[in-house]
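Please read the structure below before turning to the comments.
The values are calculated or read from the model by the stated rules, or taken from the named source; none is laboratory data. This one's a predicted model, so the numbers in the text were calculated from it and none came from an experiment. Ideal geometry is used to build each Cβ from the backbone, glycine not excepted, and the neighbour counts take in all protein chains shown.
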Amino acid sequence: MTKKQEFLKTVGVTCERGAIQNSIVAAFQHNKVYNGNPGLADREELRRVLRSEIRDLASGYSATITEAKHCKNISSLADSITRQFARILLGGRFKIGTAQKAFNLYLKFLWCLGSHPAPPHCPLDRSILKKVSVYKAWTKMDCIDTYKTWMEKIGEKASSQSIAEWELEKWKR
């Protein structure tokens, strides 16, 4: 079994629909996203819009994409969700950390499912950040320059591997 197949089997994702669902759940799990307790309709609408925007952005990743463009896409995603849902978001903001987690994880799933090339980055979480001696919470990170710095550290650790390949190898270890 390949690392990609092992990852998909472990998380129970077999298709694109499962990939988008799992990506959003993972980005919101253990992460205070909402201001207070917004109604179910508001939360469902945010997730519907987020799914749509992530899918739209991912459609541009059928070929290799630059890191600069990828970072711009993460910032744009965070800004777009913020503009539309500030009233229900903690601090009135959809953080870069949450946007990168949902988007990078979705791209990882598409790569593992065989429908897209390797993504330029990997999803950041506590275990991956610890492996590069970053002891800050990805859930609170809201600066694209901080995100880039953390990815540079991962890139250095990955050495000759791509960031995506390195993270897949280190995931859950």
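Some observations on this one:
- Scanning the stretch 16-55 for residues that are farther than 19 Å from GLN84 by Cβ and hydrophobic (A, V, I, L, M, F, W, C) returns ALA19, VAL25, ALA26.
- Within the stretch 108-130, residues that are farther than 17 Å from TYR147 by Cβ have Cβ atoms under 7 Å from residues that are assigned to a helix (DSSP H, G or I) and among the hydroxyl-bearing types (Ser, Thr, Tyr) in these pairs: PHE109/SER23; HIS116/TYR61, counting only partners at least 6 apart in sequence or on another chain.
- Selected residue (criterion: nearest to TYR147 (Cα to Cα)) from residues of the stretch 46-68 that are part of a helix (DSSP H, G or I), out of contact with any Phe, Trp or Tyr (no Cβ under 7 Å at 6 or more places or on another chain) and touching a residue at least 24 places away in the same chain (Cβ under 8 Å): GLU67
- The set of residues in the stretch 1-31 being within 19 Å of TRP138 (Cα to Cα) and either modelled with pLDDT of 95 or more or among the polar types (S, T, N, Q) (or both) consists of ASN22, SER23, ILE24, VAL25, ALA26, ALA27, PHE28, GLN29, ASN31.
- Some residue of the stretch 32-46 being within 25 Å of GLU152 (Cα to Cα), within 16 Å of the chain's Cα centre (by Cα) and among the hydrophobic types (A, V, I, L, M, F, W, C): no
- If you go through the stretch 1-38 and keep only what is among the aliphatic types (A, V, I, L, M) and either touching a Lys or Arg at 6+ places or on another chain (Cβ under 9 Å) or in a loop (DSSP other than H, G, I, E, B) (or both), you end up with MET1, VAL13, ALA19, ILE20, ILE24, ALA26, ALA27, VAL33.
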